[in-house]
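The values are calculated or read from the model by the stated rules, or taken from the named source; none is laboratory data. Remember, predicted model here, so these are calculated numbers, not experimental data. Glycine also receives a Cβ, built like all others from the backbone with ideal geometry; neighbour counts cover every protein chain displayed. Heads up: the accessible areas ignore ligands, DNA and RNA and are worked out on the full protein's heavy atoms, side chains in. Shrake-Rupley method; radii C 1.70, N 1.55, O 1.52, S 1.80 Å.
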Amino acid sequence: MTYKQSFAHWSFTEGRAPQPELLAEASRIGYSGVDFLPAELWPQARDLGLELVIIDGHVPLEVGFIDRSRHGALQDQVRRALDAAVANGVRNLSVASGDRGPETAEDALSACVEGLVPLAAEAEAAGVGLLLEPLNTKVDHPGHECDRTAWAAEVVDRVGSPALRILYDFYHAQIMEGDLLRTVEEHFARIGHFHTAGVPGRHDIDDRQEVNYRAIAHALRDHGYTGYVAHEFIPRADAVEALRHAHSVFALS
């Protein structure tokens, strides 16, 4: 058994006319799931056999768990999302550190852990995952606290629940750190989900960008990864053709 493939609905519909057949086309290509799908489309996804892989646990991601004054409101949001996840078969919820504030680095880390500990216990009991994603601060998310794999890994270790793991996005990680294959190997047990996108530009995972996604596909298979790899890029041209090509890159024979 090997990994499954998903795609981020938002990135394949960004700035485009409505695409009512996108989910059906993805299912025909061989996708098993979809990330960040609007709730009104959940019944269609289920009818097509597409798993709801991840939804937002709280919004916006700029406001997160490093701010203790926000813990109550954020936990309420995540608990409502957890109820929806249980009721609708959603696999994971996203959680975020939030943007940097006046806190020291250690206080920000400690606050994030404190805010997530009770939620991780509740998610674990419900059979739902929580995913913390390091985001790049060079291009897309200036000021975000969790911008390195090591920071997210420290939160995961301190929380100490199998429900909380890292969403490792190769696009963000390549911009901030590089060293992708070794980092995945080091933190493999802490990672619960992967995202792809071309670097630079967050476009198609083709030969016009710098990450060797074919090598990544082989590495994930060799590690025995059985979760999801989700494509979260903005296609340059036709969205369905971009989905088809991305799927082929990771569909190792």
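List of remarks:
- Val229 among the β-branched types (Val, Ile, Thr) and surrounded by fewer than 20 Cβ atoms within 10 Å (Cβ to Cβ): no
- Scope the stretch 1-35; condition of a type in the set (A, V, I, L, M, F, W, C), more than 18 Å from Val249 (Cα to Cα) and open to solvent by less than 40 Å² (accessible area, probe 1.4 Å); matching residues: Leu22, Leu23, Ala24
- For the stretch 125-162, a residue qualifies if it is assigned to a helix (DSSP H, G or I) and either within 19 Å of Tyr228 (Cβ to Cβ) or open to solvent by 10 Å² or more (accessible area, probe 1.4 Å) (or both), and the qualifying residues are Ala125, Ala126, Thr149, Ala150, Trp151, Ala152, Glu154, Val156, Asp157, Arg158, Val159.
- Residues that are crowded, with 22+ Cβ neighbours inside 10 Å and of a type outside the set (Gly, Ala, Ser), drawn from the stretch 170-179: Phe170, Tyr171, His172
- Some residue of the stretch 49-57 being small (Gly, Ala, Ser), part of a loop (DSSP other than H, G, I, E, B), surrounded by fewer than 21 Cβ atoms within 10 Å (Cβ to Cβ) and under 17 Å from the mean Cα position of the chain (by Cα): no
- Flag for Asp83 being closer than 22 Å to Ala8 by Cα, among the acidic types (Asp, Glu) and assigned to a helix (DSSP H, G or I): yes
- The single condition among (1) in contact with a strand residue (DSSP E or B) (Cβ under 6 Å, 6 or more places away or on another chain); (2) of a type in the set (S, T, N, Q); (3) open to solvent by 10 Å² or more (accessible area, probe 1.4 Å) that Asn212 does not satisfy is (1).
- For the stretch 96-112, the tally of residues that are under 19 Å from the mean Cα position of the chain (by Cα) and either without any contact (Cβ under 8 Å) to a residue 40 or more places away in the chain or part of a helix (DSSP H, G or I) (or both) stands at 1.
- Against the numbered list (1) open to solvent by 10 Å² or more (accessible area, probe 1.4 Å); (2) in a helix (DSSP H, G or I), Ala120 comes up short only at (1).
- Of all residues in the stretch 16-38, at least one satisfies being over 25 Å from Ile191 (Cβ atoms), in a helix (DSSP H, G or I) and touching a residue at least 60 places away in the same chain (Cβ under 8 Å).
- Restricting Arg182, Arg165 to residues that are part of a strand (DSSP E or B), open to solvent by 20 Å² or more (accessible area, probe 1.4 Å) and at pLDDT 95 or above narrows the list to Arg165.
- For His203, the conditions (1) in a loop (DSSP other than H, G, I, E, B); (2) open to solvent by less than 30 Å² (accessible area, probe 1.4 Å) are fulfilled apart from (2).
- Flag if Arg70 is without any contact (Cβ under 8 Å) to a residue 60 or more places away in the chain and exposed (fewer than 13 other Cβ atoms within 10 Å of the Cβ): no
- Selection count where residues are more than 18 Å from Val159 (Cα to Cα) and surrounded by 15 or more Cβ atoms within 10 Å (Cβ to Cβ), scope the stretch 85-100: 5
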